[in-house]
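Engineer: Quick one: this structure, given as structure tokens, is what I'll be asking you about.
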Amino acid sequence: MSHFGNPEIIEEEVDILIIGGGMAACGAATEIMRWTGDIGLKIKLVDKAAMARSGAVAMGLSAINTYMGENDPADYVRYVRGDLMGIIREDLVYDVGRHVDSSVHLFEEWGLPIWKQKGNEGKKLTEGGKPVRSGRWQIMINGESYKWIVAEAAKKSLGPANIQEHVFIVRLITDENDPKRVAGAVGFSVRENKIYVYKFKACLLAAGGAVNVYRPRSVGEGIGRAWYPVWNAGSTYAMAAECGAEMTLMENRFVPTRFKDGYGPVGAWFLLFKAKTMNAFGEDYQAKNYGILADNGYDAYAAGPKMGTCLRNHMMIKEMKDGRGPIFIDTPTAMANLAKNMTPEEIKHLEAEAWEDFLDMTIGQCGVWAGENIEPDKEMSEIMPSEPYLLGSHAGCAGLWVSGPGDIPGTPDHYHWGYNRMTTVKGLFTAGDGVGASGHKFSSGSHVEGRIAAKAMVQFVLDNKDWKPRMSRSTKELAEEVYRPVKTFLKYKDYTTAIDVNPRYITPKMYQLRLQKIMDEYVAGISTLYQTNAKMLEIAEKKLEMLREDGGKMRAKDLHELLRAWENYHRMITATAHMKHIQFREESRYPGYYYRTDFMNIDDENWKCFVNSTYNRDTGKWTIKKVPYVQLVKPDDSEPEGIKRPAAKV
Amino acid sequence: MPTFVYMTRCDGCGHCVDICPSDIMHIDKTYRRALNIEPNMCWECYSCVKACPQNAIDCRGYADFAPLGHSVRVLREEEKGTISWKIKFRNGHEKNFVSPITTKPWGEAIPRLADLPPPDEEALNSPLLTYEPEALKVDSGLPTISKDQFKQGVYY
Ligand SMILES: Cc1cc2nc3c(=O)[nH]c(=O)nc-3n(C[C@H](O)[C@H](O)[C@H](O)COP(=O)(O)OP(=O)(O)OC[C@H]3O[C@@H](n4cnc5c(N)ncnc54)[C@H](O)[C@@H]3O)c2cc1C
């Protein structure tokens, strides 16, 4: 009989393993059956949670942020590179742009309610129904069940026998003969005492981005109300890194400015309701601080009000630094302006829209408002830049270096090695938050990218039909490693009288707090207002190395804590990558997200390029290098000067 | 707003345990009822609240910043295809909202891949995904970057 100290080992060989059950994985699961249904490849999807509500879309969304419609995908490329300070993989972004609408149209087909303009009600997008746009790329939805609907399609396509929920994948294992090729993965059930070992020809790693790597602004229960969902622990980046995959732009991060404490979204307020922000004295600090962008050459990435999201943060942080906070969002004036020409009925509808925007995707914000008696049409709210998160599909672009589609003319060789969305490790694919240098995909772009990767994986598997995966580690070794925190606990728990304080081990919770303290204080977290320098990074490096060593001493008193232990291990690897990249890039490319105070300028001549890294799990060593950025889409007149500058010579 | 479970309503069915993306809803072995074992890992996504057949779960605002006395309650009615919210302010003020969650009956409007003709080699090797190009609502093929949109020297 299996028990806590002695798990049952389940081994399975499949053709393709999908790790994760979020937007990207659901896209992959739906698409893949089209190409394998008739040839009978074996597919398995593994999610740490239940697909109907797993990932960033668990609670729903109120907008689909990437929909081309009438737009040219080339303009989408321009928008993304403008927001991400000039350095993106334009082949990947274009690829998302040219496919993304097909996913959105499928969502509508499956039942997702998409708002239509007056007179277009009931008319599908594909029938020419005009969506309600909150911005050039965004469309409004009633998205409480967005994930439910997308997961239903994925589950029905794949079939229940090919889905394994509540299994957390811990690591990938390379091939016995080829260290640059993936052959297997190991994980454990969070419900039963079972370890799962999968062998496969190809794998889609789509386990989202990373949260709680940094000390959050809230320190009690409110830790749970991070902007980014607390269950995405950097598994994508950590597992890929440990398998030897090249990462790119891991120095990039996302620091969303949101309603304070509840982290309610501001997108609809800014774009749809046209709300304005101000400092404590009612001043329009954005207008006032526009000039400071020139101090360090940041103005090269601003063209009037068009600028990278980080630069908007920069102007706000200046106010906070100078003691002119808090920053307010003037919701009453926005509502009053909109209501001017409205009937009472329409005003009521407008108010409902404002609340439903939160109820669909950040319910907690409604709780904060209700608790503080704030009615947005009567009282302003504070906004605040959050703690940093790492992700690749929202307004950030950390992630893995992948091959592009290859059929876009002008694609340089180093952007393309055969299979779309394959990493530098043979057989290992990624999508959504996993793909680096291609942000602003959002829910729809992540879904379609999962579909793109799925098709490419099938091609890869068909080209490698006769290849048999053989793992470079034995099952026994892997099982021991995965359950080490359990063994540690059982072995030492009676050594002291209180199980949480014991010199032989560290609890996952303390491990997480230690990581967060290091990252916050030395690697540009909130407590230094996002500032760091070479000396701070040197100290962080030393502390992180010791933290890595102590990773083997985490304990797990039950399966839930085993989950937390491995999540925190993944956070630690992800954090280390982030730190190493920030250390390497000697400029402040993303002011407002983080500052290198010893290199405050944007330095295009030397740094308009990618920074890529690889990690060696056996030696603990990181290798970091510059990789040339190649511009494919011609800059147009509306883009700022920085975009038009030549790339750094690498 | 971490979740909490009403002692008298929960029957220990475990729906919340299955659905929680954060693995924090567990069944207490003594009381045989659900509880939130790690409130500071609760994103307050309401997945469990919505899934509970007994309406036995609610949220109370994160105690480290939300003043007491308010509530945000939800009823997700799958058959009706609606979600209803009742928001109560600390000062007693109330707001109610209802919105649709789907336009189709559940489980029917799903991809029917088996109805499509089996793909040939050419289809497999093209960049087109399932239902494309029709699903893209473009007349033919994938969008391409027109010549004049390319950066000079990159192409043409
Ligand atoms: C707060 C917030 C608001 C957003 N708002 C919008 C919006 O309004 N409009 C929009 O279009 N997009 C929005 N997005 C973006 C969108 O949610 C993401 O782009 C999208 O979910 C990314 O898809 P993904 O599959 O990469 O990750 P996710 O959808 O997050 O999926 C990750 C999956 O991996 C699983 N997983 C994680 N670790 C493991 C492991 N070790 N083993 C097994 N499984 C694992 C998780 O359970 C989950 O299923 C928002 C995102 C956030 C965070």
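The values are calculated or read from the model by the stated rules, or taken from the named source; none is laboratory data. Model, not experiment: these values are computed from the prediction. Cβ placement follows ideal geometry from the backbone for every residue including glycine, while neighbour counts extend to all protein chains displayed. Heavy atoms of the whole protein, side chains included, go into the accessibility calculation; ligands, DNA and RNA do not. Shrake-Rupley method; radii C 1.70, N 1.55, O 1.52, S 1.80 Å.
Engineer: So residue A:406 clears everything in (1) surrounded by fewer than 24 Cβ atoms within 10 Å (Cβ to Cβ); (2) farther than 24 Å from residue A:140 by Cβ; (3) within 8 Å of chain B (Cβ to nearest Cβ) except one condition, right? Which one?
Structural biologist: Result: residue A:406 passes all but (3).
Engineer: May I pose another question? Go through the residues of segment A:565-576 one by one and say whether even a single one is within 28 Å of residue A:312 (Cβ to Cβ), within 14 Å of chain B (Cβ to nearest Cβ) and within 16 Å of the ligand (Cβ to nearest atom).
Structural biologist: Within segment A:565-576, one or more residues are within 28 Å of residue A:312 (Cβ to Cβ), within 14 Å of chain B (Cβ to nearest Cβ) and within 16 Å of the ligand (Cβ to nearest atom).
Engineer: Shifting gears a bit: Specify the residue that is modelled with the lowest pLDDT; the eligible residues are those in segment A:269-327 that are under 24 Å from residue A:388 (Cβ atoms) and part of a loop (DSSP other than H, G, I, E, B).
Structural biologist: A:308
Engineer: Taking the condition open to solvent by 20 Å² or more (accessible area, probe 1.4 Å), modelled with pLDDT of 95 or more and within 19 Å of the chain's Cα centre (by Cα), does residue A:48 pass?
Structural biologist: yes
Engineer: For segment A:442-453, indicate whether the set of residues that are in a loop (DSSP other than H, G, I, E, B), open to solvent by less than 10 Å² (accessible area, probe 1.4 Å) and either within 15 Å of the ligand (Cβ to nearest atom) or farther than 30 Å from residue A:69 by Cα (or both) is non-empty.
Structural biologist: No; the residues of segment A:442-453 include none that is in a loop (DSSP other than H, G, I, E, B), open to solvent by less than 10 Å² (accessible area, probe 1.4 Å) and either within 15 Å of the ligand (Cβ to nearest atom) or farther than 30 Å from residue A:69 by Cα (or both).
Engineer: If you take the residues in segment B:124-150 that are open to solvent by 60 Å² or more (accessible area, probe 1.4 Å) and of a type in the set (D, E, K, R), which one is nearest to the other protein chains (Cβ to nearest Cβ)?
Structural biologist: Of everything passing the filter in segment B:124-150, B:137 is nearest to the other protein chains (Cβ to nearest Cβ).
Engineer: Okay, moving on. Would you tally the residues in segment A:66-101 being charged (D, E, K, R), away from chain B (no Cβ under 13 Å), more than 15 Å from the ligand (Cβ to nearest atom) and open to solvent by 10 Å² or more (accessible area, probe 1.4 Å)?
Structural biologist: Of the residues in that region, 0 qualify.
Engineer: Name the single residue that is farthest from the ligand (Cβ to nearest atom) among those in segment A:380-397 being part of a strand (DSSP E or B) and open to solvent by 10 Å² or more (accessible area, probe 1.4 Å). Even if it seems obvious, please write down each step before you answer.
Structural biologist: Step one: of segment A:380-397, the residues part of a strand (DSSP E or B) are A:381-385, A:389-390.
When the remaining residues are screened for being open to solvent by 10 Å² or more (accessible area, probe 1.4 Å), the result is A:382, A:384.
Working: A:382: 18, A:384: 15 Å.
Ranking the candidates gives A:382 first.
Engineer: Something else about it: Residues that are within 21 Å of residue A:54 (Cα to Cα), at least 3 per element: which strands (runs of 3 or more DSSP E) completely within segment B:37-156 meet that?
Structural biologist: B:57-59, B:71-77
Engineer: Restricting attention to segment A:355-379, report how many residues are more than 7 Å from every other protein chain (Cβ to nearest Cβ), within 15 Å of the ligand (Cβ to nearest atom) and open to solvent by less than 20 Å² (accessible area, probe 1.4 Å). Explain how you work it out, then say what you get.
Structural biologist: Going through segment A:355-379, the residues more than 7 Å from every other protein chain (Cβ to nearest Cβ) turn out to be A:357-358, A:360-362, A:365, A:369, A:374-379.
Next cut, within 15 Å of the ligand (Cβ to nearest atom) only: A:357-358, A:360-362, A:365.
This time we only want the ones that are open to solvent by less than 20 Å² (accessible area, probe 1.4 Å), so: A:357-358, A:360, A:362, A:365.
Count: 5.
Engineer: Then there's this: Looking only at residues in segment A:133-183 that are small (Gly, Ala, Ser) and away from the ligand (no atom under 12 Å from the Cβ), which one is most open to solvent (accessible area, probe 1.4 Å)?
Structural biologist: Going residue by residue through segment A:133-183, those that are small (Gly, Ala, Ser) are A:134-135, A:143, A:145, A:151, A:153-154, A:157, A:159, A:161, A:183.
Then drop every residue that is not away from the ligand (no atom under 12 Å from the Cβ), which leaves A:145, A:153, A:157, A:159, A:161, A:183.
Numbers: A:145: 0, A:153: 1, A:157: 20, A:159: 18, A:161: 79, A:183: 0 Å².
By that ranking, first place goes to A:161.
Engineer: Restricting to segment A:15-33, count the residues that are away from every other protein chain (no Cβ under 14 Å) and within 7 Å of the ligand (Cβ to nearest atom). Give the steps one after another, and end with the answer.
Structural biologist: Going residue by residue through segment A:15-33, those that are away from every other protein chain (no Cβ under 14 Å) are A:15-19.
Within this subset, residues satisfying the condition of being within 7 Å of the ligand (Cβ to nearest atom) are A:19.
Counting residues in segment A:15-33 that are away from every other protein chain (no Cβ under 14 Å) and within 7 Å of the ligand (Cβ to nearest atom) gives 1.
Engineer: Residue check: is residue A:634 more than 21 Å from the chain's Cα centre (by Cα) and within 14 Å of another protein chain (Cβ to nearest Cβ)?
Structural biologist: Yes: the conditions hold for residue A:634.
Engineer: Might you let me know whether segment B:100-113 holds any residue that is at pLDDT 95 or above and more than 28 Å from residue A:154 (Cβ to Cβ)?
Structural biologist: Within segment B:100-113, not a single residue is at pLDDT 95 or above and more than 28 Å from residue A:154 (Cβ to Cβ).
Engineer: Output the residue which, of all residues in segment A:297-311 that are out of contact with any Asp or Glu (no Cβ under 9 Å at 6 or more places or on another chain) and surrounded by fewer than 18 Cβ atoms within 10 Å (Cβ to Cβ), is farthest from residue A:592 (Cα to Cα).
Structural biologist: So, considering only residues that are out of contact with any Asp or Glu (no Cβ under 9 Å at 6 or more places or on another chain) and surrounded by fewer than 18 Cβ atoms within 10 Å (Cβ to Cβ), the one farthest from residue A:592 (Cα to Cα) is A:304.
Engineer: Restricting attention to segment A:113-130, report how many residues are open to solvent by 60 Å² or more (accessible area, probe 1.4 Å), modelled with pLDDT under 95 and part of a loop (DSSP other than H, G, I, E, B).
Structural biologist: Selection size over segment A:113-130: 3.
Engineer: Being in a helix (DSSP H, G or I) and charged (D, E, K, R) is the filter here, so list the residues in segment A:28-87 that pass it.
Structural biologist: In the first step, residues of segment A:28-87 are kept if they are in a helix (DSSP H, G or I); the result is A:28-36, A:51-53, A:73-83.
Selection gives A:31, A:34, A:53, A:75, A:78, A:81, A:83.
Engineer: Aromatic (Phe, Trp, Tyr) and open to solvent by less than 30 Å² (accessible area, probe 1.4 Å): is that true of residue B:31 in this structure?
Structural biologist: no
Engineer: Looking at (1) more than 11 Å from the ligand (Cβ to nearest atom); (2) surrounded by 24 or more Cβ atoms within 10 Å (Cβ to Cβ), can you tell me which one residue A:110 breaks?
Structural biologist: So residue A:110 meets the others, but not (2).
Engineer: Starting from segment B:19-44, take each residue that is within 11 Å of chain A (Cβ to nearest Cβ) and list its partners that are among the small types (Gly, Ala, Ser) and open to solvent by 20 Å² or more (accessible area, probe 1.4 Å), counting only C-beta distances under 6 angstrom and pairs at least six apart or across chains.
Structural biologist: Close Cβ pairs satisfying both conditions: B:19/B:51.
Engineer: Let me ask another. Out of the residues in segment A:189-226 meeting the condition of being facing another protein chain (nearest Cβ under 9 Å) and either within 11 Å of the ligand (Cβ to nearest atom) or under 18 Å from residue A:50 (Cα atoms) (or both), tell me which one is most open to solvent (accessible area, probe 1.4 Å).
Structural biologist: Within segment A:189-226, the match that is most open to solvent (accessible area, probe 1.4 Å) is A:191.
Engineer: Suppose the filter is at the interface with chain A (Cβ under 7 Å from one of its Cβ atoms) and touching a helix residue (DSSP H, G or I) at 6+ places or on another chain (Cβ under 9 Å); does residue B:56 pass it?
Structural biologist: So residue B:56 does not fit the description; no.
Engineer: Okay, moving on. I'd like to know if segment B:101-123 contains one or more residues that are at the interface with chain A (Cβ under 9 Å from one of its Cβ atoms) and under 30 Å from residue A:374 (Cβ atoms).
Structural biologist: yes
Engineer: Among the numbered criteria (1) more than 14 Å from residue B:124 (Cβ to Cβ); (2) touching a residue at least 24 places away in the same chain (Cβ under 8 Å), which single criterion is violated by residue A:456?
Structural biologist: Of (1) more than 14 Å from residue B:124 (Cβ to Cβ); (2) touching a residue at least 24 places away in the same chain (Cβ under 8 Å), only one is false for residue A:456: (1).
Engineer: Identify all residues within segment A:513-564 that are within 16 Å of the ligand (Cβ to nearest atom) and among the acidic types (Asp, Glu); write none if there are none.
Structural biologist: Hit for segment A:513-564 is A:561, nothing else.
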